[in-house]
Amino acid sequence: MTISVGDKIPEANLMLSTDEGPKPTSSSSLFGGKKVVMFAVPGAFTPTCSAKHLPGFVDHAAEFKAKGVDELVCISVNDAFVMGAWGKDQNAGGKVTMVADGNGDFTKAMGLVMDGSGFGMGERSQRYALYAEDGVVKAINVEPGPGLDVSSAEAMLKAI
């Protein structure tokens, strides 16, 4: 079952990419008591994710803060080292928190798994973005197919 507006973000263990290296965290720590915009990508360093999705949130970070968003979170079924390298490559530091869902546990709990095995990627996350307040989904936009539209930074700024 796919998560919907009004649902609580499911509990899962995740890894943060920090300057000191990978650091364990949980979804409740990421979302609890905060206003969070989270976007999920099929893979770090992949074309659409690197050319448009992450850069859009980096570029519009100040606008999200002005709307009262406490944190921007990027999540992918990649390891924390890859997420850290990608964040550095995209100048996301201080703007977007890079989070690894290495085993895909969070993605499975959200009901948003994409089978990328035809591309040699295995199970990954669908492309989507959501806005949550204190761990409760207030808006969610899941891309209906390839490309970037409803889960872009611009679309999420309009949704909140």
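The values are calculated or read from the model by the stated rules, or taken from the named source; none is laboratory data. As the structure is a prediction and not an experimental result, all values here were calculated from the model. Methodologically, a virtual Cβ is constructed for each residue, glycine included, from the backbone with ideal geometry; neighbour enumeration extends over all protein chains shown.
Taking the criterion of being in contact with a Leu (Cβ under 7 Å, 6 or more places away or on another chain), closer than 22 Å to Gly32 by Cα and not hydrophobic (A, V, I, L, M, F, W, C), the only residue of segment 126-144 that qualifies is Tyr128.
Could you list all residues from segment 101-160 that are closer than 18 Å to Met83 by Cβ, without any contact (Cβ under 8 Å) to a residue 60 or more places away in the chain and of a type in the set (Gly, Ala, Ser)? Those that are closer than 18 Å to Met83 by Cβ, without any contact (Cβ under 8 Å) to a residue 60 or more places away in the chain and of a type in the set (Gly, Ala, Ser): Gly104, Gly122.
A quick yes/no check of all residues on (1) closer than 16 Å to Met156 by Cβ; (2) touching a His at 6+ places or on another chain (Cβ under 8 Å); (3) surrounded by 23 or more Cβ atoms within 10 Å (Cβ to Cβ):
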| site | (1), (2), (3) |
| --- | --- |
| Phe45 | no, no, no |
| Lys52 | yes, no, no |
| Pro55 | yes, no, no |
| Val58 | yes, no, no |
| Ala61 | yes, no, no |
| Val69 | yes, no, no |
| Val82 | no, no, no |
| Trp86 | no, no, yes |
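The strands (runs of 3 or more DSSP E) found wholly in segment 6-72 and carrying at least 1 residues that are out of contact with any Lys or Arg (no Cβ under 7 Å at 6 or more places or on another chain) and without any contact (Cβ under 8 Å) to a residue 24 or more places away in the chain occupy 21-26. Just one of (1) surrounded by 16 or more Cβ atoms within 10 Å (Cβ to Cβ); (2) at pLDDT 95 or above; (3) under 14 Å from Ile3 (Cβ atoms) fails for Lys95. It is (3).
With respect to the conditions (1) modelled with pLDDT under 95; (2) under 22 Å from Gly145 (Cα atoms); (3) in contact with a strand residue (DSSP E or B) (Cβ under 6 Å, 6 or more places away or on another chain), Met38 lacks only one, and its number is (1). Return the total of residues in segment 1-12 being more than 11 Å from Val99 (Cβ to Cβ), surrounded by 13 or more Cβ atoms within 10 Å (Cβ to Cβ) and of a type outside the set (D, E, K, R). Count: 3. Do the conditions hold for Ser76, that is, is it touching a residue at least 12 places away in the same chain (Cβ under 8 Å) and of a type in the set (S, T, N, Q)? Criteria met by Ser76. Selection of segment 73-105 for residues being in a strand (DSSP E or B) and not small (Gly, Ala, Ser) yields Val73, Cys74, Ile75, Thr97, Met98, Val99.
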